[in-house]
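Just so you know, all these numbers are worked out from the coordinates, no wet-lab data involved. What you see is a predicted model; the values in this text were computed from it and never measured. Note: ideal-geometry Cβ built from the backbone for every residue, glycine included; neighbour counts use all protein chains shown.
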Amino acid sequence: MRGWLLGALLTVVAVAAALRIFQLGDLPAGLYCDEAALGFNAHTIAHAGVDEHGNFLPLYFWSFDLAYKNPVFVYAAAVPVRLLGLDEFSVRLTSALFGIGTVIGIFFLGRALYTPWAGAWAALWLAVCPWHLHFSRIAFELISFPFLFVIGVSGLGGCIHGRRTLGRAAFFLGLCLYAYAIATLFVPLFLLGFVVLFLPDLRRRRREALGAAVVLLTTVAPAAVFHARAPERATRYFRANAIFQPGVRPTEAARSFASNYALFFSPSFLLTDGDPIPRHAVAGFGELLPVTLAFAALGTVAAVARRDRVSALVLWWLVLYPVGPSLMTESPSASRGIIGAPVFCLLAGLGVHACLRLLARLAPWRSVRLLLQGAVVAAILCVVQDQARRYVSAYFFDYPTYAAATYKGFQYGYRDVIRYMDTQRDAYDRLLLTITEANQPLVFPVFYRAPDPHTWLATRDSGYSLFDPVVFDPEDPEAGRVLAALHPSDLAYYRDYTIKKTIVAPGDQTEFVIAELRHREAP
């Protein structure tokens, strides 16, 4: 690798790492229940080799009677959780490392499919991509999918150029099915396109192709067996959130699919608004920087103009990325469509490469050519710096004020609630958490208290109980002396209480009130 190229790659990786790790434990402000569930299972795996139910090294993790968690993220997170302890930083560090790894991986993918400099530009686009950066800072299992897929496709790229990397590609593409549920549909369709495009090559190398098929089938077989044995649980989430619901006619579902699919290529999603869910996007920003989308469009034109099978495979990736998410509700979804982020950045890398090559053809002398190319590169970097700076500023300063609080955001406040109430435990008979406007509240005590897994399995005691302020009566003799974490609106049900502490979210909203409850309001 040449010095200039190596220097550029190291600079891009440093930028990617800084953006993904800085203040990672505090931003996003709060901790969503899915993050806490993944973190707690990583904790039990790291310390006892079991999941939250006591299953030894399970293939999938049935978490808090809600849904299966995929194994790639949990087992990867077990390492930093074991080394650093269970907290927001350690579990989110797993996402950050997957994100940084994908930035490095897309360089090698761009190099394998096109040129080293196309790969370097693709890495830069991904390093500052709002879509990818956002989920590199949240402990959601989906971020491991692009990492594994990019490595797998890099192996296909090596195979295309005659290297014996098809088996490696098959292994990593098979692992994608253990990373994120959408991969179960996306990866087979992508591989189908690869087989159709490169069938003559696979026939000439039939022995290697057969070996890769065996590797792929061996890798995915445990997942297939698992889902065949537990179909109801394994498909529960999809059945609850798919566009195919009882009473929905096929024509209606088809219209919903077409409408959802179009949204993933809309200017609103890509440029101005992004995902409508506050946890998934910064308000006022699309999933891509405008300059990235401009060069991705140029790269798409270049890919079509090349008329080669490599570019056809990349375009097949672009066409496929919204298919799985479009079968679901809540479209457009940045989380379910995360595999689109790398392909847009790869095409943007190709777009810059095509632009610079065009300048080289137009300039008659080498000195003029270098001057023009240098000016264009400087202009691109200035625009990238300006657009990325505005996004990062909004993320670090504005985003916490509206995305931290409530169960629709990052459920801010549970850390402070648990830490304070634990100090008051000896003074009360029961510690209570409200169920109003809450999402899986009991996952937070086990996350923040990080009990020994064997003790947890023996007692199943989080140290807290859930209560409904609408019906709970602190005057009941069995209630004892209670300290409760409520939302401010919950206090309307009580006339006699003492507020011990208030928890205020970054937007100056009082998220929790910790109070000693004594008497209910009269009916």
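Key figures for this structure:
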| read-out | value |
| --- | --- |
| Trypsin sites (Lys or Arg not before Pro) restricted to the range 424-523 and DSSP loop, no more than 15 other C-beta within 10 Å | Arg460, Arg481 |
| The range 264-364: trypsin sites (Lys or Arg not before Pro) falling in loop per DSSP and having at most 14 other Cβ within 10 Å | Arg307 |
| Karplus-derived HN-Hα couplings along the range 436-448 (A = 6.51, B = -1.76, C = 1.60, θ = phi - 60°), whole Hz, x at Gly and Pro | 6, 6, 10, 10, 6, x, 6, 6, 6, x, 6, 5, 6 |
| The chain - charge dipole about Cα centre, Lys and Arg +1 at Cβ, Asp and Glu -1, debye rounded to 20 | 3300 debye |
| 16 Å Cα-Cα reach of Lys501 towards aspartates and glutamates, excluding residues that sit fewer than 8 places from it in its own chain | Asp416, Asp422, Asp490, Glu511, Glu516 |
| Fully extended contour minus Cα-Cα distance, from Ala283 to Ala242, at 0.36 nm per residue | 12.2 nm |
| Amide H within-cut-off set for Lys501, under 5 Å, with H built and near neighbours excluded | Ile514 |
| Gyration tensor (alpha-carbon) shape descriptor, the range 414-520, a/c threshold 1.5 | oblate |
| Trp62, Trp456, Trp365 arranged by Cβ crowding within 10 Å, fewest neighbours leading | Trp365, Trp62, Trp456 |
| Integer Hz, Karplus 6.51/-1.76/1.60 couplings in order for the range 345-358, x for Gly and Pro | 5, 5, 5, 5, x, 5, x, 5, 4, 5, 5, 5, 5, 5 |
| Extension gain from Asp429 to Ser266, taking 0.36 nm per residue of separation minus the Cα-Cα distance | 53.2 nm |
| Exposure rule at most 13 other beta-carbon atoms within 10 Å, DSSP loop GluC sites (Glu not before Pro): the chain longest free segment | 1-474 |
| Ala48-Leu457 pseudo-label distance in nm [points 7 Å out on the Cα-to-Cβ vector] | 0.5 nm |
| Eligible aspartates and glutamates near Lys69 by straight Cα distance, threshold 14 Å, same-chain separation 8 or greater | Asp34, Glu35, Asp51, Glu52, Glu141 |
| Net charge of Cβ neighbours under 15 Å - reference Val13; Lys, Arg +1; Asp, Glu -1 | +2 |
| Alpha-carbon centroid distance for the pair the range 35-108 / the range 247-307, whole angstrom | 30 Å |
| Cα gyration tensor of the range 189-307 - equivalent ellipsoid semi-axes, whole Å, descending | 32, 28, 16 |
| The chain: calculated mean residue ellipticity at 222 nm from DSSP helix runs of at least 4, using -39500 (n - 2.57) | -18500 deg cm²/dmol |
| Relative contact order %, the range 109-260, counting alpha carbon pairs below 8 Å whose residues are six or more apart | 17 percent |
| At most 13 other Cβ within 10 Å, DSSP loop - trypsin sites (Lys or Arg not before Pro), the range 131-190 | Arg163, Arg164 |
| Sorted by Cβ density within 10 Å, fewest first, the residues Cys355, Cys33 | Cys355, Cys33 |
| Relative contact order computed over the chain (Cα-Cα under 8 Å; 6+ residues apart), in percent | 16 percent |
| Net length gained if the chain between Asn439 and Leu84 were fully extended (0.36 nm per residue, minus Cα distance) | 125.1 nm |
| Label-point separation, Ala258 to Leu6 (7 Å along Cα→Cβ), nm | 5.5 nm |
| Residue order, fewest to most surrounding Cβ atoms within 10 angstrom, among His161, His353 | His161, His353 |
| For the range 307-375, fraction of C-alpha pairs farther apart than 13 Å, in % | 71 percent |
| Residues Val15 and Leu217, FRET efficiency given R0 of 35 Å [Cβ-Cβ distance, rounded to 0.05] | 0.30 |
| Largest-first ellipsoid semi-axes for the range 3-403, taking √(5λ) over the Cα gyration tensor eigenvalues, angstrom | 33, 26, 22 |
